[in-house]
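Visitor: Just dropping this structure here.
The values are calculated or read from the model by the stated rules, or taken from the named source; none is laboratory data. Keep in mind it's a predicted model, so treat the numbers as computed, not measured. All Cβ positions, glycine included, derive from the backbone under ideal geometry; neighbour counts span all protein chains shown.
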Amino acid sequence: MPARSPANPPVAATPMAFARSITAAYKRYGQSPDQALKLAQITPNQLKQANAHITARQMEVLSGAAMQELGDEGLGAFSRKLPWGSYGMLARASISSPNLGIALKRWCRHHALIADDITLRLTTSGDTAAITVEEKTPGRVGEFGIVHVLRNIHGLACWYVDSRIPLQGARFPFEAPAHAEAYTLMFPGPGLQFKAAQAEIRFDARYLALPLRRDEKALQQMLQRALPLTVLQYRRDRLLVEQVRQALANPAVLSHNAETLAAALNMSPRSLHRQLQEEGASLQQLKDEVRFEKAKDLLLRTSKPIKQVAEASGFRNEKSFTRAFREWSGQSPAEFRQGNQPLA
């Protein structure tokens, strides 16, 4: 009988153009890529196919073999080789950081010490953080080199805080390639742009305040198979609780159910409940917290009647509001307001 095909065969979504970039590095160093291509199960004929794709696993195998054979973790992108272990050194230099923001700043600063062809910067503007890549000589590093660096730092950032960090946008300083559709998988999110002034990825700046959740032991284990970080999609989002709180703070959302709230956050109700549970929270708990904070603010800062405070806090009537408020604070709304009046 013929062998059964896997129920979920690997998706070939990585452009073959990236494999050709790696073989170009071999040519630059006067070496043969044949063994690495064989390990990755890429035939010479497949390599020549302009619009072909390979799986993430094939890319991992090819990249790993090339890095060791060439002695260059930059895979020929920079004017000098990055010896094996260079990116591990950058991770070690930043893993002791108290939060993600400091870790990323250290990583960017130290990258300039090993490859001065590019300057990496972490910047913030309002609620948005950006990691930018500026080439010393435009076009020298090339498409694959820029993609390699940005996928590396984004994957490492997600691993550091054990969280999915959704991208709000990605820009690249070159024409849209023939395989541009692959960028929606490599850099998922809105705002994908080509022919930009410089390369960058953008994300919510609040992630920068998250503490690192990894230690040296975890780093040692990760470095044994670091390449999958560039394709790993985390389910957990450490910022979800805060995002739910902000959504619930909107009067138009506060009384909504899980379905409408999940839709506002671009996820399914099932995912919403599961991820909140992973973070040790529940939707009802967060709704209660937001209602309580709203009620306290109105009781202390306004002279609105209790009935109006109840309505503004998302309750159907004053009786249910008073009962809930007493459970939260041990006092009735009126007692809370009276006991927190400023002294004359």
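Visitor: Being in a helix (DSSP H, G or I) and within 30 Å of LEU272 (Cβ to Cβ) is the filter here, so list the residues in segment 300-318 that pass it.
Guide: Filtering segment 300-318 down to residues in a helix (DSSP H, G or I) leaves 300-301, 306-312, 318.
Residues satisfying the conditions are VAL309, ALA310, GLU311, ALA312.
Visitor: From LEU248, LEU298, LEU254, grab the single residue that is in contact with a helix residue (DSSP H, G or I) (Cβ under 7 Å, 6 or more places away or on another chain), more than 20 Å from PRO166 (Cβ to Cβ) and at pLDDT below 85.
Guide: Working: LEU248 fails: more than 20 Å from PRO166 (Cβ to Cβ); LEU298 fails: at pLDDT below 85.
Answer to the check: LEU254.
Visitor: Please determine whether any residue of segment 30-40 is among the basic types (Lys, Arg), surrounded by fewer than 16 Cβ atoms within 10 Å (Cβ to Cβ) and assigned to a loop (DSSP other than H, G, I, E, B). Steps first, please.
Guide: Looking only at segment 30-40, we keep the residues that are among the basic types (Lys, Arg), and these are 38.
Checking which are surrounded by fewer than 16 Cβ atoms within 10 Å (Cβ to Cβ) leaves us with 38.
Filter once more, so that each one left must be assigned to a loop (DSSP other than H, G, I, E, B): none.
No, the conditions are met nowhere in segment 30-40.
Visitor: Can I ask one more? Which of the residues that make up segment 67-114 are polar (S, T, N, Q) and within 27 Å of THR23 (Cα to Cα)? Let's see the steps before the verdict.
Guide: First pass over segment 67-114, keeping only residues polar (S, T, N, Q): 68, 79, 86, 94, 96-97, 99.
Matches in segment 67-114: GLN68, SER79, SER86.
Visitor: Is one or more of the residues making up segment 86-93 among the polar types (S, T, N, Q), surrounded by fewer than 21 Cβ atoms within 10 Å (Cβ to Cβ), assigned by TED's automatic domain parsing to the domain that holds LEU208 and at pLDDT 95 or above?
Guide: In the first step, residues of segment 86-93 are kept if they are among the polar types (S, T, N, Q); the result is 86.
From what's left, surrounded by fewer than 21 Cβ atoms within 10 Å (Cβ to Cβ): 86.
Of the ones still in play, those that are also assigned by TED's automatic domain parsing to the domain that holds LEU208 are 86.
Filter once more, keeping what is at pLDDT 95 or above: none.
Checked segment 86-93: no residue is among the polar types (S, T, N, Q), surrounded by fewer than 21 Cβ atoms within 10 Å (Cβ to Cβ), assigned by TED's automatic domain parsing to the domain that holds LEU208 and at pLDDT 95 or above.
Visitor: Can you find a residue that is closer than 30 Å to PRO211 by Cα and either buried (at least 21 other Cβ atoms within 10 Å of the Cβ) or at pLDDT 95 or above (or both) anywhere in segment 63-80?
Guide: Yes, segment 63-80 contains at least one residue that is closer than 30 Å to PRO211 by Cα and either buried (at least 21 other Cβ atoms within 10 Å of the Cβ) or at pLDDT 95 or above (or both).
Visitor: Sticking with this structure for a sec: Kindly list the number of the only condition in (1) free of Cβ contacts under 8 Å to residues at least 40 places away in the same chain; (2) over 20 Å from the mean Cα position of the chain (by Cα) that fails for LEU90.
Guide: Of everything listed in (1) free of Cβ contacts under 8 Å to residues at least 40 places away in the same chain; (2) over 20 Å from the mean Cα position of the chain (by Cα), LEU90 misses just condition (2).
Visitor: Moving to a separate point now. With segment 99-186 as the region, which helices (runs of 4 or more DSSP H) entirely inside it contain at least 2 residues that are in contact with a helix residue (DSSP H, G or I) (Cβ under 8 Å, 6 or more places away or on another chain) and touching a residue at least 40 places away in the same chain (Cβ under 8 Å)?
Guide: Numbers: elements: 100-114, 142-161, 183-186.
Once the helices (runs of 4 or more DSSP H) in segment 99-186 are filtered for at least 2 residues that are in contact with a helix residue (DSSP H, G or I) (Cβ under 8 Å, 6 or more places away or on another chain) and touching a residue at least 40 places away in the same chain (Cβ under 8 Å), what remains is 100-114, 142-161.
Visitor: Let me ask another. Just the residues that are surrounded by fewer than 19 Cβ atoms within 10 Å (Cβ to Cβ) and either in contact (Cβ under 8 Å) with a residue 12 or more places away in the chain or under 17 Å from GLN331 (Cβ atoms) (or both), please, taken from segment 288-304. Full working, then the answer.
Guide: So the first thing to find is which residues in segment 288-304 are surrounded by fewer than 19 Cβ atoms within 10 Å (Cβ to Cβ), and the list is 288-289, 292-294, 297, 300-304.
Passing the criteria: ASP288, GLU289, PHE292, GLU293, LYS294, ASP297, LEU300.
Visitor: List pairs: first in segment 315-343 and at pLDDT 90 or above, second of a type in the set (D, E, K, R) and assigned to a helix (DSSP H, G or I), Cβ under 7 Å, 6+ apart or cross-chain?
Guide: GLU318/LYS307; SER332/ARG326
Visitor: How many residues, within segment 101-126, are of a type in the set (Asp, Glu) and either surrounded by fewer than 16 Cβ atoms within 10 Å (Cβ to Cβ) or not assigned by TED's automatic domain parsing to the domain that holds LEU212 (or both)? Spell out the reasoning first.
Guide: Let us first name the residues in segment 101-126 that are of a type in the set (Asp, Glu), namely 116-117.
Keeping just the survivors that are either surrounded by fewer than 16 Cβ atoms within 10 Å (Cβ to Cβ) or not assigned by TED's automatic domain parsing to the domain that holds LEU212 (or both) gives 116.
The number of residues fulfilling the criteria is 1.
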